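The values are calculated or read from the model by the stated rules, or taken from the named source; none is laboratory data. Predicted model only: the values in this text are computed from it and were never measured. Glycine gets a Cβ as well: all are built from the backbone with ideal geometry, and neighbour counts include every protein chain shown.
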Amino acid sequence: MTDKISLTRYLVEQQRVHGRIPPELRLLIEVVARACKRISISVNKGALGEILGSADTENVQGEVQKKLDVIANEVLIEANEWGGHLAAMASEEMDSIYVVPNRFPKGEYLLMFDPLDGSSNIDVNVSIGTIFSVLRKQHDDPTIIDPVCEADFLQPGRQQVAAGYCVYGPQTTLVLTVGDGVAMFTLDREQGSWVLTQDQVQIPADTKEFAINMSNMRHWDAPVRRYIDECLQGKEGPRGKDFNMRWVASMVADVHRILTRGGVFMYPWDKREPDKPGKLRLMYEANPMGWLVEQAGGAATNGRQRILDIVPGKLHERVSVVLGSRNEVERVTGYHLEADEATAKA
């Protein structure tokens, strides 16, 4: 690219030329991007930075934390707490919200993040990433700065004002939407800056790739088994084409592949924990990824309804996820609705 556009320039144009974001949100996104650069440095050091292995602690979901989970969480908090743009933060790694301390000025935005998605891949040097989402705090009276509480975060994903992720792979890539399509930025390590490398990303409506953990097949509900069975039958089956399966076990890596070349990603409800609607977290993973995918022309549902329309009932709510190429997502969703209709008639 002869005319390199930096993240700062891109955001300034979104603010000044297009009027899509206020200056406070622009600065907040830049701070998050700087924090991701710091996390990238730690990830790249690997064993040299003594960051591999378990931290011997568990998060609120009962998952064992890696050392880098804890480091990434601390980096994001420390980078964002003092800027005056945020009222509070929430993280997949913390039990409750983190209210900006009184010694710092408070803003109107709420930041949510999965500090290190796919952390089971850290020690084997497979791509991992950071996912983030920004909401605006809703005020009953805009002239009063109310104390922030967990309920302020419980907004449907369609009310996000910014969302993105950073994937730490062969290149470090930041993927962002502020509601005007999806842009990708690559970290220029020599210059220390994010450079726009792709704008207005589009996901093909059709695909021949699916991403799912096949080891869970025996636990899936019938609509998911029906869809995967049809894919596996290839050209001789009802789909009339051969499919490839990809599974990285890092949502960031799997979704990045889909944004780059299409595909469908599924992490469905299964019978092992029937009372839980899914495995992935609605607010830290499904909402930001769902919005990115929709902004790129794809679709994202929980198998029955649009993910961005789900009103969260709690901070760490889980959800079933089907996202990616629109026609495939609509097919999987249709299979679920057909099964529900048949059950209702029975």
**Study point:** Candidate set: the stretch 41-61, residues that are closer than 23 Å to residue 149 by Cα and surrounded by fewer than 17 Cβ atoms within 10 Å (Cβ to Cβ); chosen: the one modelled with the lowest pLDDT
**Key:** 60
Exercise for review: Could you check how many residues of the stretch 239-261 are in a loop (DSSP other than H, G, I, E, B) and either closer than 19 Å to residue 307 by Cα or not small (Gly, Ala, Ser) (or both)?
Suggested key: 7
Revision key, fill the gap. Filter the stretch 269-297 for residues that are in a loop (DSSP other than H, G, I, E, B) and among the small types (Gly, Ala, Ser); the one that is nearest to residue 112 (Cα to Cα) is 278
Point to revise | Residue count for the stretch 94-110, restricted to those that are in contact with a strand residue (DSSP E or B) (Cβ under 6 Å, 6 or more places away or on another chain) and closer than 19 Å to residue 316 by Cβ | key: 4
**Study point:** Residue match in the stretch 246-255 (condition: over 17 Å from residue 212 (Cβ atoms), in contact (Cβ under 8 Å) with a residue 12 or more places away in the chain and touching a helix residue (DSSP H, G or I) at 6+ places or on another chain (Cβ under 8 Å))
**Key:** no
**Study point:** Condition met for residue 72 (under 21 Å from the mean Cα position of the chain (by Cα), more than 15 Å from residue 177 (Cα to Cα), modelled with pLDDT of 80 or more and not hydroxyl-bearing (Ser, Thr, Tyr))
**Key:** yes
Exercise for review: Only residues that are over 13 Å from the mean Cα position of the chain (by Cα) and in contact (Cβ under 8 Å) with a residue 12 or more places away in the chain: list them for the stretch 272-294, please.
Suggested key: 272, 276, 277, 278, 279
Exercise for review: Give the stretch 1-11 a look and list any residue that's surrounded by fewer than 17 Cβ atoms within 10 Å (Cβ to Cβ) and either closer than 18 Å to residue 109 by Cβ or touching a strand residue (DSSP E or B) at 6+ places or on another chain (Cβ under 6 Å) (or both), or say none.
Suggested key: 4, 5, 6
Point to revise | Selection from the stretch 298-346 of residues that are in a loop (DSSP other than H, G, I, E, B) and among the polar types (S, T, N, Q) | key: 302, 305, 320, 325
Practice item. Would you point out the residue of the stretch 298-316, among those that are touching a residue at least 40 places away in the same chain (Cβ under 8 Å) and touching a helix residue (DSSP H, G or I) at 6+ places or on another chain (Cβ under 7 Å), that is surrounded by the most Cβ atoms within 10 Å (Cβ to Cβ)? Key: 298
Study note, to complete from the structure: Note on residue 276: of the conditions (1) out of contact with any Ser or Thr (no Cβ under 7 Å at 6 or more places or on another chain); (2) closer than 21 Å to residue 338 by Cβ, unmet is (2)
Revision key, fill the gap. Subset of the stretch 209-244, residues under 19 Å from residue 333 (Cα atoms) and touching a Cys at 6+ places or on another chain (Cβ under 9 Å), comes to 210, 239, 243
Review point. So how many residues does the stretch 16-40 have that are in a helix (DSSP H, G or I) and either among the hydroxyl-bearing types (Ser, Thr, Tyr) or at pLDDT below 90 (or both)?
Key: 2
Check your understanding: What residue, among those in the stretch 148-198 that are of a type in the set (D, E, K, R) and not in a helix (DSSP H, G or I), is nearest to residue 314 (Cα to Cα)?
Key -> 180
Practice item. For residue 84, state whether it is part of a loop (DSSP other than H, G, I, E, B) and in contact with a His (Cβ under 8 Å, 6 or more places away or on another chain). Key: no
Point to revise | Flag for residue 266 being in a strand (DSSP E or B) and not aromatic (Phe, Trp, Tyr) | key: yes
Review point. Quick check: is even one residue across the stretch 216-224 in a helix (DSSP H, G or I), surrounded by 19 or more Cβ atoms within 10 Å (Cβ to Cβ) and more than 24 Å from the chain's Cα centre (by Cα)?
Key: yes
Exercise for review: Return a yes/no flag: does the stretch 140-149 have any residue that is more than 16 Å from the chain's Cα centre (by Cα), closer than 20 Å to residue 22 by Cβ and touching a residue at least 12 places away in the same chain (Cβ under 8 Å).
Suggested key: yes
Exercise for review: Just one of (1) assigned to a loop (DSSP other than H, G, I, E, B); (2) of a type outside the set (Asp, Glu); (3) crowded, with 19+ Cβ neighbours inside 10 Å trips up residue 135, so point out which.
Suggested key: (1)
